[in-house]
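The values are calculated or read from the model by the stated rules, or taken from the named source; none is laboratory data. What you are looking at is a predicted structure, and each value in this text was computed from that prediction instead of being measured. Every residue, glycine as well, gets a Cβ built from its backbone with ideal geometry; the counts of neighbours run over all protein chains shown.
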Amino acid sequence: MSRVYRNPLKGRKYKAEVSIGSGSTRKRKTKTFNDMTEARIWIHQMEIMADRGTDFEKSRWLFIDYYWQWVQLYKKPVVSANTMHTYYSSYQHFLKGLGDVRLEDLTRNRIQKYLNGLDLSHESIRKDLMQLRSCLRDAVSDGVLPHNPAAGTLRIVADPSRTKGDDQKFMSIHDFKRVRDFLLSYHYRINDVDRLALLIISQSGLRVGECLALKYEDIDCLHNTITVDESWDSKHNILKEPKTKHARRTIPLPKQVVHILEQWMSYQRRYLFREGVANPDQFMLMNKRGRLPRASSINAAYHQIQIRLGMEPKFSTHTFRHTLASLMVANENISMVYVSRYLGHASVMITEKYYIGLLPEQVEVEAGKVLKVIEG
C-alpha cells in the first residue's frame, strides 16, 4: 500500500509512505516533501525499484559504509598496497564531504557539491570521482541503486595551487638537454645512486619503481638494451609485478649510457664486496647501507641538480618520462604504437591522452603556423 498524507510533525508538509512485499518480508519506506507531486513521483520510483529487485536495506546505508565494504570485498584482494592506499585516501575525503549521506540520497547535484568543496589537486579529485563512480556502478549491478548518480557529467574543480600545470610536467628541450648532459658527464660513486637513477630514467623514461627494481641481469651490454619485468615499492620495500602487462618490456639504451652502467656495475660489486654489504639480488642501485634509495630521495636529488644548473626546482623525476614521451610523440618517424610499448602503457589511447600535449618549443612552432593561416 502506498499513500501521501499531511506530515504530523514539524518540517515538510507531506509524508509519502510505500510498502513493498508482504508478510515477514514486507518493508516500509517513508520520506517527507514540501510538494505533493514530488511525493507521488517518489512513490512511483520506489515501486519501480521494487519491481527491479532493489535491495532497500543496503540503499539506506551510509555511502561511506557501503564504499568501504566495497573496497574490502572487490579491491583489497586484487590491488597493490600502493593502489589500496589511494582507496583509503578517497575514503578519508568521502568521510569529510559525504559522511552523513545515505546511498539512496546520493544525487548528481550532491556529488558535484562535494567535488566543488574538495580544494585538492586535479589528479586527487579525479581519483575520488573515478572510485566513486566505480563503486556506485557496482551498487547498481548489485541491485542496491536503480541508477548511478555519478554517471552523468561532473566537473572537477581543482585547487590551482595544488595542481601541476604543463610548465611543471614538461621541461623545455633546452633544459632537458642541460640536465641530460650533466648526468652523462658525471663521475658516479657509491654515494651517487640517486643521481645514477636519474641518469637511467632520463635515458629510458622508466617509472621510478621500475628503475629501482633493476638488476645486473637486466642490462644487456651486448645489444644495448634494458629489460623491465619488476617494480620496486619503496613505501613497503617489496618487489611487485609491473603496473600493466605491457610494462614488461625490453627497450634500447644509448651506447654511452650502457658504457656508464657497465663501469658502475663493476665498481659497485667491488665496493660492496670490500665493505661486506650483501646484495644477493644484484640490485643495480643498492647503496652502501645495503638498501635501495627511496623515490623521495631521488626526487630531492633531482631538485638539487636543477638548483645547481640555475633552474627553478619545480620539476619532479616523472618529468623525464613526460618530456621523453612528448619528444617521441612529436617525431613523425616514430609510431604511436611503439611509443606506447616503449613506455609500458596498457593501451595506445593512454599514450595519446597524456602525451599529445605540446612541449614549450612546440607551442611556439604551432603558434607560428596558426598566424600564417590567419594572415593568409
(Q) Restricting to the range 313-356, and then to whatever is in contact with a His (Cβ under 9 Å, 6 or more places away or on another chain) and outside any helix (DSSP H, G or I), can you tell me which residue is surrounded by the fewest Cβ atoms within 10 Å (Cβ to Cβ)? (A) SER347
Q) Given the range 38-102, what helices (runs of 4 or more DSSP H) lie entirely inside it while holding 2 or more residues that are over 30 Å from TYR14 (Cβ atoms) and at pLDDT 90 or above? A) 63-70, 81-98
Q. Which condition number in (1) buried (at least 19 other Cβ atoms within 10 Å of the Cβ); (2) touching a residue at least 40 places away in the same chain (Cβ under 8 Å) is the one that LEU136 fails?
A. (2)
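Residue-wise test of (1) under 26 Å from ILE334 (Cα atoms); (2) within 26 Å of the chain's Cα centre (by Cα).
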| residue | (1), (2) |
| --- | --- |
| VAL179 | yes, no |
| ASN191 | no, no |
| ARG195 | no, yes |
| GLY205 | yes, yes |
| LEU212 | no, yes |
| ILE219 | yes, no |
| ASP233 | no, yes |
| ILE238 | no, yes |
| ALA247 | yes, yes |
Q: Please work out which one of (1) at pLDDT below 80; (2) in contact with a strand residue (DSSP E or B) (Cβ under 6 Å, 6 or more places away or on another chain) is the condition VAL4 fails and give its number.
A: (1)
Q) When both residues are 6+ apart or on different chains and their Cβ atoms are under 8 Å apart, which pairs have a first residue that lies in the range 294-306 and is more than 22 Å from LEU239 (Cβ to Cβ), and a second that is crowded, with 19+ Cβ neighbours inside 10 Å and among the polar types (S, T, N, Q)? A) TYR302/THR317
(Q) Which condition from (1) among the polar types (S, T, N, Q); (2) free of Cβ contacts under 8 Å to residues at least 12 places away in the same chain; (3) in contact with a Phe, Trp or Tyr (Cβ under 8 Å, 6 or more places away or on another chain) is the one that GLN282 breaks? (A) (2)
